[in-house]
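The values are calculated or read from the model by the stated rules, or taken from the named source; none is laboratory data. What you are looking at is a predicted structure, and each value in this text was computed from that prediction instead of being measured. Cβ atoms come from the backbone with ideal geometry, glycine included; neighbour counts cover every protein chain shown. In case anyone asks, the SASA skips ligands and DNA or RNA and just uses the protein heavy atoms, side chains included. Shrake-Rupley method; radii C 1.70, N 1.55, O 1.52, S 1.80 Å.
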Amino acid sequence: GESVGLHLPTLSVQEGDNSIINCAYSNSASDYFIWYKQESGKGPQFIIDIRSNMDKRQGQRVTVLLNKTVKHLSLQIAATQPGDSAVYFCAEKGALGNEKLTFGTGTRLTIIP
Amino acid sequence: EPEVTQTPSHQVTQMGQEVILRCVPISNHLYFYWYRQILGQKVEFLVSFYNNEISEKSEIFDDQFSVERPDGSNFTLKIRSTKLEDSAMYFCASSPGQGGSPLHFGNGTRLTVT
């Protein structure tokens, strides 16, 4: 069945360094991908998204890369700050107007001051 | 910036009782969702709602669950007879449309069933 999974459950990065969070997905029909950030006690917060017809998209300090050949998604955060400490989820929507968003298991990013 | 709001933030109930979780989606959004997150686990899809009817539901969303949009602003999730395993964070989300539209989530209701 379709699934979205993450390679690493935890990641610690020195403040100011760049971080990369990875995600693998199995549904080759996936059309749309989203990265969410979840801080303690809060709901998932939209960070950045990418459509399947793109392989890279940049935001403020964040970049998402999509490799459809190997069904891999990554989130790069540049110049990390203490406020970046959170759990990061990748999520995927299928094609054909399927509205359901499937979440991965999450990676906890800790920024070390 | 518009946001999804959920009430209450924390609900404690006894097993077998009915609970209603409330959400006010973003006003111009058309698609509404409920997700849940058991402590330490990933966010799981429950149900999506569009044009005043359920468009998709997961296996979790059994006959004990129902959703309603009683007026133009509220979107509710009802659990008829709560079980211990219903204890989780319940997130409401909304989006403006299908396809390439991100879901915007509220901060959730923590449901504790004792």
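A compact table of results
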quantity: Anisotropy class of the stretch A:4-112 from Cα gyration tensor, a/c 1.5 cut; calculated: prolate
quantity: Shape metrics for the protein assembly as shown, restricted to C-alpha atoms - Rg then Dmax, Å; calculated: 17.5, 50
quantity: Whole-Hz couplings from phi, Karplus 6.51/-1.76/1.60, listed for the stretch B:15-21; x for Gly and Pro; calculated: 3, x, 7, 8, 10, 10, 9
quantity: ³J(HN,Hα) computed for each position of the stretch B:34-43 - Karplus, 6.51 cos²θ - 1.76 cosθ + 1.60, integer Hz, glycine/proline x; calculated: 10, 10, 9, 9, 6, 3, x, 10, 7, 7
quantity: Exceeding the 23 Å Cα-Cα cut-off - candidates A:Lys93/B:Lys57; A:Lys68/B:Lys57; A:Lys100/B:Lys42; calculated: A:Lys68/B:Lys57
quantity: Other protein chain Cβ atoms within 10 Å, averaged over every residue that makes up A:48-59; calculated: 1
quantity: Within a Gaussian network of chain B (alpha carbon springs, distance under 10 Å), most fluctuating of B:Gly40, B:Gly16, B:Gly97; calculated: B:Gly40
quantity: Placed amide H near A:Thr105: partners under 5 Å, 5+ positions off or other chain; calculated: A:Leu6
quantity: Shape call, chain B: gyration tensor on alpha carbons, a/c limit 1.5; calculated: prolate
quantity: Carbon plus sulfur fraction of accessible area for the stretch A:4-112, probe 1.4 Å, in percent; calculated: 47
quantity: Net charge of Cβ neighbours under 9 Å - reference A:Phe89; Lys, Arg +1; Asp, Glu -1; calculated: +2
quantity: Charge dipole magnitude, Cβ of K and R +1, D and E -1 - chain A, Cα centre, debye nearest 20; calculated: 140
quantity: Accessible area of B:Cys92 in the full protein assembly, 1.4 Å probe (Å², nearest 10); calculated: 0
quantity: Listing of the stretch B:80-110 residues, each with accessible area lower by at least 40 Å² in the full protein assembly than in the chain alone (probe 1.4 Å); calculated: B:Gln98, B:Gly99, B:Gly100, B:Pro102, B:Leu103, B:Phe105, B:Asn107
quantity: Most fluctuating residue given options B:Pro96, B:Pro25, B:Pro70, as computed from a GNM of chain B linking Cα atoms under 10 Å; calculated: B:Pro70
quantity: From phi via Karplus (6.51, -1.76, 1.60), per-residue ³J(HN,Hα) for the stretch A:11-20 in Hz, x at Gly/Pro; calculated: 8, 10, 9, 5, 3, x, 7, 8, 10, 10
quantity: Under-5 Å amide H pairs with B:Thr112, H placed in peptide plane, nonlocal only; calculated: B:Gln11, B:Val12, B:Thr13
quantity: Distance in nm between pseudo-label sites at B:Gln17 and B:Glu53 (7 Å out along the Cβ direction from Cα); calculated: 3.5
quantity: Extended-chain gain in nm, criterion 0.36 nm per residue less alpha-carbon gap, B:His10 and B:Thr112; calculated: 35.9 nm
quantity: Size of the B/A contact, given as accessible area buried on both chains, probe 1.4 Å, in Å²; calculated: 1700
quantity: Choice from B:Arg80, B:Arg22, B:Arg36 showing the highest fluctuation, given a GNM over chain B with Cα pairs closer than 10 Å; calculated: B:Arg80
quantity: Cα centroid of the stretch A:13-31 to Cα centroid of the stretch B:48-114, whole Å; calculated: 27
